[in-house]
Amino acid sequence: MSWMGLNFSNDNLEKNVKKFPKLLITSGKRSGKDTLAEIWHEVFGLKYVGSSQACADIFIYDALKEKYGYNTPEECFEDRVNHRQEWFDMIADYNKDDKARLGKEILEISDCYVGMRAGDEIQECLRQDIFDLIIWVDASERVEPEGPESFNIDKSCADIIIDNNGTEEEFRNRVIRLGKTLFR
């Protein structure tokens with residue numbers, strides 16, 4: 001179809017759809033992982049899913065709703081900070097037959113997985129070539145490290161480390177500069 005000299009064929013529409021690399025954004029609690037993904041969504045249109053929200057929606061809410069009296073997956077998600085090790089163990093169990101299972105499921109609906117917490121899962125995702133790039137958000141100067149019972153990876157798995165030890169404005173500017181390079 002053509003209108004005013006513009007061709008609207010399916011081929012041209014597919015060419016105009018922005019293709020993002022398949023990303024993993026990770027690091028410990030409260031480091032700015034979701035903030036990074038939110039900025040890229042706002043500025044560049046990146047679709048992302050936080051692993052905790054995905055897990056609440058997919059299986060954790062159903063497993064814990066009676067135990068803790070949750071009424072919604074969102075309520076379960078908000079309370080995760082009080083049950084970090086339990087969540088970590090449940091995710092490990094969910095991935096027991098394929099350590100990359102959750103990563104593959106999230107990337108079916110998203111450009112980015114935010115918040116992987118287990119080293120064996122990252123290694124399997126790398127082996128299966130699930131991610132194009134792993135980004136670590138470093139907030140080590142302002143956030144206490146998380147214990148190994150709920151987080152057992154370090155920044156050595158990352159292709160890119162972005163600093164988040166300064167102001168919110170500094171972090172936002174770094175994130176946008178990196179996004180301009182990655183998403184041209």
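The values are calculated or read from the model by the stated rules, or taken from the named source; none is laboratory data. Note that the structure is predicted; figures quoted are calculated from it, not measured. For neighbour counting, all protein chains shown are included, and Cβ atoms are generated from backbone atoms with ideal geometry for every residue, glycine included. Ligands, DNA and RNA are stripped out before the accessible areas are found, and what is left, the full protein with its side chains, is counted by its heavy atoms. Shrake-Rupley method; radii C 1.70, N 1.55, O 1.52, S 1.80 Å.
Of note:
- The condition of being modelled with pLDDT of 95 or more and within 14 Å of the chain's Cα centre (by Cα) holds for only one of L133, L102, L107, that being L133.
- The set of residues in the stretch 128-146 being more than 17 Å from G166 (Cβ to Cβ) and free of Cβ contacts under 8 Å to residues at least 24 places away in the same chain consists of D129, E144.
- Residues of the stretch 26-36 classified as within 18 Å of N82 (Cα to Cα) and either open to solvent by less than 10 Å² (accessible area, probe 1.4 Å) or in contact with a Cys (Cβ under 8 Å, 6 or more places away or on another chain) (or both), total: 1
- Scanning the stretch 154-164 for residues that are assigned to a loop (DSSP other than H, G, I, E, B) and open to solvent by 30 Å² or more (accessible area, probe 1.4 Å) returns D154, D159.
- Members of the stretch 37-51 found to be open to solvent by 30 Å² or more (accessible area, probe 1.4 Å) and part of a helix (DSSP H, G or I), listed by number: E38, H41, E42, V43, F44
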